[in-house]
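The values are calculated or read from the model by the stated rules, or taken from the named source; none is laboratory data. Note that this is a predicted model, so its numbers are computed, not measured. Every residue, glycine as well, gets a Cβ built from its backbone with ideal geometry; the counts of neighbours run over all protein chains shown.
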Amino acid sequence: MSFRPIIAPTDELAWERAHDVLDRIRSGPGRAYLQHVHKTVGATPENEGSRRLLAAAAKGDLHDRALWTPTATAAGAGGNTTALVGSPETVTAALLDYVDIGVDTVLVRGYDPLDDAVAYGQHLLPLLREELARREA
(Lines give C-alpha, C1' and ligand atoms only; values in the text may rest on other atoms or scores of the structure.)
Protein backbone atom coordinates (compact mmCIF):
# COMPACT_ATOMS: atom_id res chain seq x y z
CA MET A 1 0.00 0.00 0.00
CA SER A 2 1.11 3.52 -0.63
CA PHE A 3 0.09 6.56 1.41
CA ARG A 4 1.07 10.13 2.10
CA PRO A 5 0.46 10.55 5.83
CA ILE A 6 -0.43 14.03 7.03
CA ILE A 7 0.43 14.10 10.69
CA ALA A 8 0.49 16.70 13.43
CA PRO A 9 0.56 16.53 17.24
CA THR A 10 -3.26 16.25 17.41
CA ASP A 11 -5.94 15.03 15.04
CA GLU A 12 -7.39 18.53 14.88
CA LEU A 13 -4.05 20.06 13.82
CA ALA A 14 -3.52 17.26 11.29
CA TRP A 15 -6.89 18.03 9.68
CA GLU A 16 -5.98 21.71 9.45
CA ARG A 17 -2.74 20.71 7.78
CA ALA A 18 -4.59 18.33 5.45
CA HIS A 19 -6.84 21.11 4.21
CA ASP A 20 -3.79 23.33 3.65
CA VAL A 21 -2.20 20.54 1.57
CA LEU A 22 -5.41 20.18 -0.45
CA ASP A 23 -5.51 23.93 -1.08
CA ARG A 24 -1.92 23.80 -2.36
CA ILE A 25 -2.75 20.91 -4.70
CA ARG A 26 -5.78 22.73 -6.07
CA SER A 27 -4.02 26.06 -6.59
CA GLY A 28 -0.37 25.14 -7.03
CA PRO A 29 1.77 24.98 -10.15
CA GLY A 30 0.83 21.35 -10.81
CA ARG A 31 -2.76 22.42 -11.38
CA ALA A 32 -1.95 23.82 -14.82
CA TYR A 33 -0.44 20.47 -15.79
CA LEU A 34 -3.52 18.57 -14.60
CA GLN A 35 -5.80 20.90 -16.55
CA HIS A 36 -3.68 20.31 -19.68
CA VAL A 37 -3.87 16.52 -19.20
CA HIS A 38 -7.67 16.67 -18.77
CA LYS A 39 -7.98 18.67 -21.99
CA THR A 40 -5.69 16.45 -24.06
CA VAL A 41 -6.26 12.98 -22.57
CA GLY A 42 -9.60 13.39 -20.83
CA ALA A 43 -10.76 13.50 -17.26
CA THR A 44 -10.74 9.72 -16.90
CA PRO A 45 -7.30 8.26 -16.18
CA GLU A 46 -6.02 5.57 -18.51
CA ASN A 47 -4.96 3.14 -15.78
CA GLU A 48 -7.39 0.97 -13.86
CA GLY A 49 -5.87 1.71 -10.44
CA SER A 50 -6.51 5.43 -10.79
CA ARG A 51 -10.04 4.81 -12.06
CA ARG A 52 -10.75 2.61 -9.02
CA LEU A 53 -9.33 5.25 -6.71
CA LEU A 54 -11.57 7.94 -8.20
CA ALA A 55 -14.58 5.64 -7.88
CA ALA A 56 -13.80 5.04 -4.20
CA ALA A 57 -13.24 8.76 -3.64
CA ALA A 58 -16.63 9.50 -5.22
CA LYS A 59 -18.26 7.53 -2.39
CA GLY A 60 -16.95 9.94 0.24
CA ASP A 61 -13.96 11.88 1.46
CA LEU A 62 -13.09 9.81 4.52
CA HIS A 63 -12.72 6.04 4.46
CA ASP A 64 -11.95 4.04 7.61
CA ARG A 65 -10.33 5.87 10.51
CA ALA A 66 -7.92 8.08 8.55
CA LEU A 67 -7.89 7.45 4.78
CA TRP A 68 -8.72 10.76 3.11
CA THR A 69 -9.21 10.87 -0.67
CA PRO A 70 -9.72 14.54 -1.69
CA THR A 71 -5.97 14.84 -2.25
CA ALA A 72 -6.15 11.99 -4.75
CA THR A 73 -9.16 13.50 -6.51
CA ALA A 74 -7.51 16.92 -6.71
CA ALA A 75 -4.38 15.37 -8.19
CA GLY A 76 -6.29 13.34 -10.76
CA ALA A 77 -5.61 10.08 -8.87
CA GLY A 78 -2.10 10.01 -10.23
CA GLY A 79 0.61 8.26 -8.29
CA ASN A 80 0.70 8.04 -4.52
CA THR A 81 -1.86 10.67 -3.56
CA THR A 82 -4.10 9.22 -0.86
CA ALA A 83 -3.54 10.57 2.63
CA LEU A 84 -3.79 9.11 6.09
CA VAL A 85 -4.66 12.06 8.33
CA GLY A 86 -4.29 12.36 12.06
CA SER A 87 -1.99 12.39 15.02
CA PRO A 88 0.91 9.92 14.94
CA GLU A 89 -1.21 7.63 17.14
CA THR A 90 -4.20 7.79 14.77
CA VAL A 91 -2.09 7.19 11.67
CA THR A 92 -0.20 4.35 13.36
CA ALA A 93 -3.52 2.69 14.20
CA ALA A 94 -4.66 3.15 10.59
CA LEU A 95 -1.44 1.62 9.24
CA LEU A 96 -1.87 -1.32 11.62
CA ASP A 97 -5.41 -1.80 10.33
CA TYR A 98 -3.88 -2.44 6.91
CA VAL A 99 -1.29 -4.80 8.38
CA ASP A 100 -4.16 -6.66 10.05
CA ILE A 101 -5.82 -7.32 6.69
CA GLY A 102 -2.61 -8.65 5.16
CA VAL A 103 -0.65 -5.69 3.84
CA ASP A 104 3.02 -6.48 4.34
CA THR A 105 4.66 -3.58 2.54
CA VAL A 106 3.81 0.08 3.04
CA LEU A 107 5.31 3.01 1.16
CA VAL A 108 4.98 6.37 2.87
CA ARG A 109 6.07 9.71 1.55
CA GLY A 110 4.91 13.16 2.35
CA TYR A 111 3.46 16.16 0.64
CA ASP A 112 6.31 18.16 2.22
CA PRO A 113 9.05 15.58 1.61
CA LEU A 114 11.84 16.79 3.89
CA ASP A 115 9.72 18.00 6.80
CA ASP A 116 7.46 14.95 6.59
CA ALA A 117 10.40 12.52 6.48
CA VAL A 118 11.72 14.08 9.69
CA ALA A 119 8.27 13.99 11.34
CA TYR A 120 7.72 10.37 10.31
CA GLY A 121 11.13 9.40 11.69
CA GLN A 122 10.57 11.20 14.98
CA HIS A 123 6.89 10.57 15.63
CA LEU A 124 5.27 7.96 13.38
CA LEU A 125 7.79 5.19 12.76
CA PRO A 126 8.82 4.75 16.42
CA LEU A 127 5.17 4.15 17.37
CA LEU A 128 4.68 1.75 14.48
CA ARG A 129 7.85 -0.20 15.25
CA GLU A 130 6.95 -0.35 18.95
CA GLU A 131 3.51 -1.77 18.25
CA LEU A 132 4.79 -4.27 15.68
CA ALA A 133 7.45 -5.44 18.16
CA ARG A 134 4.82 -5.74 20.91
CA ARG A 135 2.67 -7.85 18.60
CA GLU A 136 5.58 -10.16 17.75
CA ALA A 137 6.50 -10.66 21.43
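Numbers below:
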item: Some residue of the stretch 94-107 being surrounded by fewer than 16 Cβ atoms within 10 Å (Cβ to Cβ) and under 13 Å from the mean Cα position of the chain (by Cα); result: yes
item: Residue list for the stretch 1-51, restricted to those being modelled with pLDDT of 75 or more, outside any helix (DSSP H, G or I) and of a type in the set (A, V, I, L, M, F, W, C); result: Met1, Phe3, Ile6, Ile7, Ala8
item: Qualifying residue in the stretch 114-133 (condition: surrounded by 13 or more Cβ atoms within 10 Å (Cβ to Cβ), modelled with pLDDT under 95 and within 16 Å of the chain's Cα centre (by Cα)); result: no
item: Selected residue [part of a helix (DSSP H, G or I), modelled with pLDDT under 95 and not aliphatic (A, V, I, L, M)] from Thr81, Thr71, Thr90; result: Thr71
